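Okay, structure first, notes after.
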Amino acid sequence: MMKPEALFILGPTASGKTACALELAQREPIEIISVDSALVYKGMDIGTAKPSAAELAMAPHHLINLIEPTQVYSAAQFATDATRLIADITARGKRAVLVGGTMLYVKALLEPLTELPTADAAIRADINQRAAQIGWPQMHEVLREIDPITAARLMPNDAQRINRALEIFYISNKPMSAWLADDTATHELPFTPRVFALIPQPRSVLHERINARFQQMIAMGFVDEVRALRARGDLSMDTPSMRCVGYRQAWEYLDGLCDEATFIEKGQAATRQLAKRQLTWLRGMADVTVIDPMVEANMPFGF
């Protein structure tokens, strides 16, 4: 029995992925699966460049507006949900099109993930309490003593990942690096991926698009969106959702830590850095067809 085909339209932020997918929706019956870790949050619309109501109506969309900004959605959960959705969409006689730029989600879906111990809130709280006393660089040294391999790939202030690595050790008495080394499971995909990457050339074109889109977000009311999120009272700059690009910079601006011009400059710079990381991921992927959306005038280019 033939496996269903899943089409991936990947690329850095502001490369035109959504427009490409919606153009494809005009030509054939598709359903879009978002591959974006920011679009899962409710109430975070402008700063995430979430598709508008009109765009959402052009084709069924999945994995958008799933959770509150206080909640967490993991790459492993994405892989589970996306695999199920690809099968469901195919069963409905449509094509599944995965669109976005969260490359960790792509990796989780296309490559095996080690089944690590589930989180323990009490242990995590103890780690955070100790970190508050001695600081994360010192906690990084604690991790180095018990798991030097994992510690070597983490920055001393990477609180989230240091916390997780320590938590895994304290739960299982086994370092994270050992868990990863023990992972010998084979992974056969239940679908056939066709992966396209939209990469505008030269890089300056992408930077111009990023800068212009951030300015457009400001004009659409991005600062007011962040102001409303702050007013909820249950979010802070340490909440994972508020670490999304642009939101942290807007939060600092509303805290009075910088003026508007500096906020915009920082937001644009952080978005360009995100795009750089996304491009690095894409360059390391095999079996990817690279398309320059600035050259390919008749999108979507022969899917």
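The values are calculated or read from the model by the stated rules, or taken from the named source; none is laboratory data. Because the structure is a prediction, the values reported are computed rather than measured. Note that we place each Cβ from the backbone using ideal geometry, even for glycine, and neighbour counts take in every protein chain shown.
So which of ASP234, ASP238 ends up being modelled with pLDDT of 95 or more, acidic (Asp, Glu) and either over 25 Å from ARG203 (Cα atoms) or part of a loop (DSSP other than H, G, I, E, B) (or both)? Break it down stepwise before answering.
Numbers: ASP238 fails: modelled with pLDDT of 95 or more.
Every option except ASP234 fails the conditions.
Kindly list the number of the only condition in (1) outside any helix (DSSP H, G or I); (2) within 30 Å of ALA231 (Cβ to Cβ) that fails for ALA54.
Going through (1) outside any helix (DSSP H, G or I); (2) within 30 Å of ALA231 (Cβ to Cβ) one by one, ALA54 breaks only (1).
If a residue must be among the basic types (Lys, Arg) and assigned to a helix (DSSP H, G or I), how many such residues does region 86-105 contain? I'd like the intermediate steps shown before the answer.
Of the residues in region 86-105, the ones among the basic types (Lys, Arg) are 92, 94-95.
The next check asks that each one be assigned to a helix (DSSP H, G or I); those that pass are none.
Count: 0.
Given the condition more than 26 Å from ARG232 (Cβ to Cβ), assigned by TED's automatic domain parsing to the domain that holds MET220, touching a strand residue (DSSP E or B) at 6+ places or on another chain (Cβ under 8 Å) and of a type in the set (D, E, K, R), answer yes or no: does some residue in region 93-105 qualify?
Yes - at least one qualifying residue is present in region 93-105.
Evaluate the following for LEU235: is it closer than 30 Å to PHE8 by Cα, in contact (Cβ under 8 Å) with a residue 24 or more places away in the chain and crowded, with 17+ Cβ neighbours inside 10 Å?
no
Among the residues of region 57-73, count how many are more than 15 Å from ALA19 (Cα to Cα) and either in a loop (DSSP other than H, G, I, E, B) or not assigned by TED's automatic domain parsing to the domain that holds THR271 (or both).
Taking region 57-73 as the starting set, the residues that turn out to be more than 15 Å from ALA19 (Cα to Cα) are 62-73.
Add one more test, that the residue is either in a loop (DSSP other than H, G, I, E, B) or not assigned by TED's automatic domain parsing to the domain that holds THR271 (or both), and what stays is 63-66, 68-73.
Within region 57-73, residues that are more than 15 Å from ALA19 (Cα to Cα) and either in a loop (DSSP other than H, G, I, E, B) or not assigned by TED's automatic domain parsing to the domain that holds THR271 (or both) number 10.
Residue-by-condition table, conditions (1) more than 23 Å from VAL35 (Cα to Cα); (2) surrounded by 13 or more Cβ atoms within 10 Å (Cβ to Cβ); (3) of a type in the set (A, V, I, L, M, F, W, C); (4) in contact with a Pro (Cβ under 6 Å, 6 or more places away or on another chain):
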residue	(1), (2), (3), (4)
ASN157	yes, no, no, no
PHE169	yes, yes, yes, yes
LEU257	yes, no, yes, no
GLU260	yes, no, no, no
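For the subset of region 106-123 comprising residues that are touching a Leu at 6+ places or on another chain (Cβ under 9 Å) and part of a helix (DSSP H, G or I), which member is modelled with the lowest pLDDT?
LYS107
Looking at LEU189, LEU206, LEU154 in this structure, which one is among the aliphatic types (A, V, I, L, M), under 30 Å from CYS20 (Cα atoms) and not in a helix (DSSP H, G or I)?
Numbers: LEU206 fails: not in a helix (DSSP H, G or I); LEU154 fails: under 30 Å from CYS20 (Cα atoms).
None of the others qualify; the one that does is LEU189.
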